[in-house]
Structures are given as structure tokens and as C-alpha cells.
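Please read the structure below before turning to the comments.
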Amino acid sequence: MADQKMKERRRVSLMIMVLIFQVLSASLHGCLAAIGQGQPPRKPTSIHPRAGVRSSVFLPVSGNVYPLGYYSVTIGIGNPPKPFQLDIDTGSDLTWVQCDAPCTGCTLPRDQLYNPSKNNFVDCKDPICLAVNSPNPPQCKNPNEKCCFQVQYADHGSVLGFIVLDTFPLRLVNGTLSKPHLAFGCGHRLQNRGLHPPTPTAGVLGLGKSKASISSQLSSMGVTKNVFGHCLGDNRGFLFFGADFVPKSGMTWTRMLQSSSDKHYSSGPAELLFGGKPTGIKGVNVIFDTGSTYTYLNLKVYETVLNLIRKDLSGKQLHDVKDKALPICWKGTKPFKSMRDARNYFSTFALSFTGSSNVQLQLPPENYLIVTEQGNVCLGILNGAEAGLGTTNVIGDISLQGKLVIYDNENQMIGWANADCNRKFG
């Protein structure tokens, strides 16, 4: 999704525009986009590859919620492969990289941009253009014209460019080297993209549900199953494609919402609990979005959460304070050094999914608070209405930390379990 990538280093990556691949003669003028729109176990789950499924891809993740505001992976593209650091984003479908075509608004030096050759561009009539654009066929005036894309995000940033094909060398966990040719975006007109100061990321790794996503493409080529997962830690973690790292037990599962208008990893309805007790808030649908640094709730739910926290803090030695990191912050009698110092002042939230028996997503204090450089504790749950998200509820990175989260597109399920995401795997 897209968090607002402002000076506070937050972003909202939720892609609010469905990709439309139009025909261009040689420029991006006229390129348009249509607006679209289990109780977790207490012990950390052990993650080990399983043999005999179909092979998988494992990628180390780096980053954090604060102060960086993003998580990324490094992937090689081309032959020989050139490394690109990409922001992992379950709220977007299309993978794209900053592209020297030439580029307007790119944040990286020219020698670090992707440099396409003529053979990389996808023609408008190519089946790949139709596949990544499904179900809306491109309107081709000339079959040799380039397949173009435009993506707009919830933070009002946008990326325009062409669809290209290139090799993604991937080392599988069974030891073999796979070299699939994958379709992605060569973005060479960027507006309002990136945190300030700019991050070193070259683009976005789109992990959404459509045929354009990397997981869907790998599955259609028989490289992996259409399953992927991530584990986000304090400064590192991992991402995988395929079923080899899916635990046989210990996961909490809920069904993905299915509707023609919902293109994201959504689940619900859920009831909001605080300190294990009902809050009166029911019918909450949520989107799981690693492209958003923080969690965003609609106005009614957000105000309820804020009121509950303030009431719970009554009589405790915490006081409101202004901090540039986030809108709502508190200070203690002395600066906090870590969440370990602050967590005992706060209670646990939970989303109890009413369509399933005993399926809860627990949000302890470390999943909705940060400790800033000033030693204050700040609320990492934000008002979605102020971010332009309307009634949408987004579960961002802060609430996904310390959890193995799996998106099983084969069975239309989302699962999670507590896990040590800082542990080294490989």
C-alpha cells in the first residue's frame, strides 16, 4: 500500500488505481489508470524448509518500522544480473524499478537505474500485456506499440512507464538456479515517490493478488506454488515464495475476502477487543499491507482505539508530548530506551475474526507503538481518513512485526503465527 512518505518516514503503499495498460506511440502521454479500488501460539514458530512439495525461493529482508519506515529485499535482474533493492509491498500488484528511459523524478544515480534494451519492451498485442492487464484488454491502435502502465498510490504518488520482460535469477531451496523471465514495470516518470530523505530502494516488489504479481508469475511458470510469506523483525527478516516454509502446525488461518471490487489481501469481519474485552466495535474488515509503515483505521475505529488507550493510561505516569515522529506521543518520568521499558503501561488489542472459531490477530503494545529517538512512546495507529483511505482499515508493518504471515493464494487463506523474525535463516 502506500503510507504517506513524509518527513516522519511513513508511507501508505495501498495501490488505489487498477493497472491499465494502454498503447503509446513513443511517450507516456495518454497513459491512463482507472481508479479501482486461530489464536496465535505463545511460543515462536520454528520455520524450516520441507522437502517434497515444490521448490521455493528464500530472500533475506532488511529494514525496520522506525526510523527507516520500510522493509526491502535485494533481487538481481538481467543477464548478468544487476542488484536492485525493492520495497516489499503486499498492497501493490505490479513490480517496478526506476528505469533509465530516461527518468524524471528518479531518486537513484543513473548508473543504478535499470537500463532496458529494445528486446525487453513488451508490445501492446503481446499476451503478456493482456495477462498483466486482465480482465481489461488494452486498446491497441498499433500492435507494435509499447505496453504502458500507470500506478497511483494512496499517498498521491504515481509511477508511469512501460512493461518489460527480463531474467530474474533465483536460487531455489532445492539448490537449483531458476532463471524465469518475468514482466515488470520500467518506471521512468515518478511523482511524490519515496521517503524524505529518499530511501535507497529502486522500486517496489509487487506481491498483490493479480496475475501481474511476482508470486502469480512464478506460479504460472511452475517455479513455485502461488504461496508466499514474510517475517519482519527489528532490523531484518525474510520473505519466501512457495510452500516449503509453511509450517505443518502452529498457524492461525482466516479466509481471504472474495469480491470483484477487492483486489487486496483482505479479511474480516472482525471484532475489536482491548485487554481481552469487547469494545463494541464489530464488522471490521482489514487489508494486510507491508507497503504501509503504520496501521490505519477508519475514523470511528481510530477514535475508539485512542479513547481506550487514554482511559487505560489514566493515573499512570505518562503525559502527552509533541514528537515529530508521529501525531500522538507520550513521555514518561524518564526517557524510554526501548519498547521493553514502555510496554507495561499499555494493554493488548486483538482482532477477533467472527467468521471463524477462536481466530484472533493479537496486537500487543509492540505491534502498535514505537519508541522514538527522543525517548518518547508514540502511537503507530493512524487516522485513515486523514490519509485519504476513507473507511478502509490497513494493517501495516508495525502490526505485522514478530509474526510469520503467509498468503496462500492456492487456498485463498491468510495465516500468521508468532515467530523470531530476527533469527538468521538460509
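The values are calculated or read from the model by the stated rules, or taken from the named source; none is laboratory data. All figures in this text were calculated on a predicted structure; none of them were measured in a lab. Using ideal geometry, Cβ is built from the backbone for each residue, glycine included, and neighbour counts are taken over all protein chains shown. The area values use the complete protein model at the heavy-atom level, side chains included, leaving out ligands, DNA and RNA. Shrake-Rupley method; radii C 1.70, N 1.55, O 1.52, S 1.80 Å.
Points to keep in mind about this one:
- If you go through region 93-119 and keep only what is of a type in the set (V, I, T) and in a strand (DSSP E or B), you end up with V97, T104.
- All positions within region 51-82 that are open to solvent by 40 Å² or more (accessible area, probe 1.4 Å) and part of a loop (DSSP other than H, G, I, E, B): A51, G52, V53, R54, Y66, P67, L68, N79, P80, P81
- Among the residues of region 383-402, the ones that are of a type outside the set (A, V, I, L, M, F, W, C) and either in contact with a Phe, Trp or Tyr (Cβ under 6 Å, 6 or more places away or on another chain) or part of a helix (DSSP H, G or I) (or both) come to 5 in all.
- Of the residues making up region 147-172, just one is open to solvent by 60 Å² or more (accessible area, probe 1.4 Å) and either among the hydrophobic types (A, V, I, L, M, F, W, C) or part of a strand (DSSP E or B) (or both), namely R171.
- Of the residues examined, T224 is not one that is surrounded by 21 or more Cβ atoms within 10 Å (Cβ to Cβ), touching a strand residue (DSSP E or B) at 6+ places or on another chain (Cβ under 6 Å), closer than 15 Å to F84 by Cβ and of a type in the set (S, T, Y).
- Each residue in region 109-136 was checked for being closer than 20 Å to V151 by Cα and hydroxyl-bearing (S, T, Y), and 2 pass.
- Test: D323 is crowded, with 17+ Cβ neighbours inside 10 Å and over 18 Å from T90 (Cβ atoms): yes
- Residue check, Q362 assigned to a strand (DSSP E or B) and either under 17 Å from N235 (Cβ atoms) or open to solvent by 30 Å² or more (accessible area, probe 1.4 Å) (or both): yes
- Of all residues in region 96-124, those that are small (G, A, S) have Cβ atoms under 8 Å from Cβ atoms of residues that are at pLDDT 90 or above and open to solvent by 60 Å² or more (accessible area, probe 1.4 Å), 6 or more apart or on another chain, in G105/R189.
- Residue pairs whose Cβ atoms lie under 6 Å apart, sitting 6 or more positions apart in sequence or on different chains, and linking a residue in region 240-256 that is over 24 Å from S352 (Cβ atoms) to a partner that is part of a loop (DSSP other than H, G, I, E, B) and among the β-branched types (V, I, T), are F241/T224; G242/T224; A243/V53; D244/V53; D244/V173; F245/I47.
- The listed residue being closer than 16 Å to S267 by Cβ, hydrophobic (A, V, I, L, M, F, W, C) and open to solvent by less than 20 Å² (accessible area, probe 1.4 Å), out of A417, A342: A417
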